[in-house]
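This report concerns only the one structure given below.
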Amino acid sequence: MHTHPRKFQGVIIMYISLNGFWGRPDLIVSSLGTNKITYRAGESLRITATTRNIGSSRVGYSYTKFYLSRDRYLNSSDTYLGSDYVSSLGAGSSSTDTMTRTLGGNLSGRYYLIAKADAYGWRSESNEGNNIRVLSPINIVQAKPDLIVSSLGTNKTTYRTGESLRITSTTRNIGNASVGSSYTRFYLSRDRSLGSSDTYLGSDYVSSLGAGSSSTDTMTRTLGGNL
């Protein structure tokens with residue numbers, strides 16, 4: 001505020017300039033976070049953000065938008081995640097919200113999470129260059145199952161030809177995604193490598209397995225007289 005006093009016949013007239021007196025709002029994203037730093041593609045990403053008015057006057061409602069970017073800079077090639085409605089904010093006040101978005105199955109690698117306050121540019125602010133906040137990278141991995149035979153055993157170590165061989169095995173999914181039904185096959189081999197000359201004993205049906213789960217079964221086969 002600027003004043004310009006002038007005096008006329010004993011009366012002081014003061015001119016007041018109100019330019020900038022009422023101030024303007026200034027929206028920023030003062031905090032930004034996720035529930036973890038590593039995700040599977042197709043998993044839910046939970047974002048918590050605070051939009052704050054650090055200006056000197058009230059501002060009307062606005063939207064804060066969120067993106068995933070390969071670098072720290074917002075551009076048209078970034079992946080748009082969605083927006084959060086921010087109600088009118090008085091000077092110095094803030095609004096904190098949490099939103100959840102499903103990560104696309106095509107995403108893989110390291111991404112920066114970027115939030116932009118007043119994303120549509122509706123509000124005249126004292127500083128138009130501080131609307132963006134960038135979070136340290138998160139990692140997105142492709143969701144895939146991984147089946148292994150985690151344990152394998154027989155009821156004894158010495159058999160007669162024609163005797164029953166009882167096999168107990170556990171098939172485990174050590175991947176990060178569910179897998180449909182499958183079969184585990186069993187062979188007798190002269191060495192530790194599976195080859196076309198090995199003796200096929202049979203297979204065990206394994207139902208669908210979630211990530212980290214397993215299935216244990218026992219099967220019995222009669223040993224051929226030629227073994």
Failed item, numbered, when Gly129 is tested on (1) surrounded by 12 or more Cβ atoms within 10 Å (Cβ to Cβ); (2) at pLDDT 95 or above; (3) part of a loop (DSSP other than H, G, I, E, B): (1)
Restricting to the stretch 151-165, count the residues that are in a strand (DSSP E or B) and either within 20 Å of Asn226 (Cβ to Cβ) or not assigned by TED's automatic domain parsing to the domain that holds Val206 (or both). 3
Ser126: under 30 Å from Gly23 (Cα atoms) and in contact with a Lys or Arg (Cβ under 7 Å, 6 or more places away or on another chain), yes or no? yes
When you look at Arg160, is it at pLDDT 95 or above and on the phi < 0 side of the Ramachandran plot, yes or no? no
Condition met for Leu227 (farther than 30 Å from Gly42 by Cα, part of a loop (DSSP other than H, G, I, E, B) and in contact (Cβ under 8 Å) with a residue 12 or more places away in the chain): yes
Would you point out the residue of the stretch 166-179, among those that are polar (S, T, N, Q) and in a strand (DSSP E or B), that is farthest from Gln142 (Cα to Cα)? Thr168
From the option list Tyr120, Tyr159, single residue qualifying as of a type in the set (Phe, Trp, Tyr) and either surrounded by fewer than 11 Cβ atoms within 10 Å (Cβ to Cβ) or within 34 Å of the chain's Cα centre (by Cα) (or both) is Tyr120
Does Tyr120 satisfy the condition of being part of a loop (DSSP other than H, G, I, E, B), in contact with a strand residue (DSSP E or B) (Cβ under 7 Å, 6 or more places away or on another chain) and of a type in the set (Ser, Thr, Tyr)? yes
Does the stretch 49-69 hold any residues that are assigned to a loop (DSSP other than H, G, I, E, B) and not hydrophobic (A, V, I, L, M, F, W, C), and which are they? Gly55, Ser56, Ser57, Arg58, Gly60, Tyr61
Could you list, in sequence order, the residues of the stretch 105-117 that are at pLDDT 95 or above and surrounded by 14 or more Cβ atoms within 10 Å (Cβ to Cβ)? Tyr111, Tyr112, Leu113, Ile114, Ala115, Lys116, Ala117
Quick check on Ala49: is it modelled with pLDDT of 95 or more, within 30 Å of Val141 (Cα to Cα), of a type outside the set (Lys, Arg) and under 20 Å from the mean Cα position of the chain (by Cα)? yes
Pairs where the first residue, in the stretch 80-100, is within 15 Å of Ile114 (Cα to Cα) and touching a residue at least 40 places away in the same chain (Cβ under 8 Å) and the second is part of a strand (DSSP E or B) and aliphatic (A, V, I, L, M), C-beta under 6 Å, 6+ apart: Met99/Ile47
Is there a residue being touching a strand residue (DSSP E or B) at 6+ places or on another chain (Cβ under 7 Å) and small (Gly, Ala, Ser) anywhere in the stretch 185-200? no
Quick check, is Tyr111 of a type in the set (Phe, Trp, Tyr), farther than 30 Å from Val206 by Cα and part of a loop (DSSP other than H, G, I, E, B)? no
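The values are calculated or read from the model by the stated rules, or taken from the named source; none is laboratory data. Model, not experiment: these values are computed from the prediction. Here the Cβ is made from the backbone with ideal geometry for all residues, glycine too, and neighbour counts use every protein chain on show.
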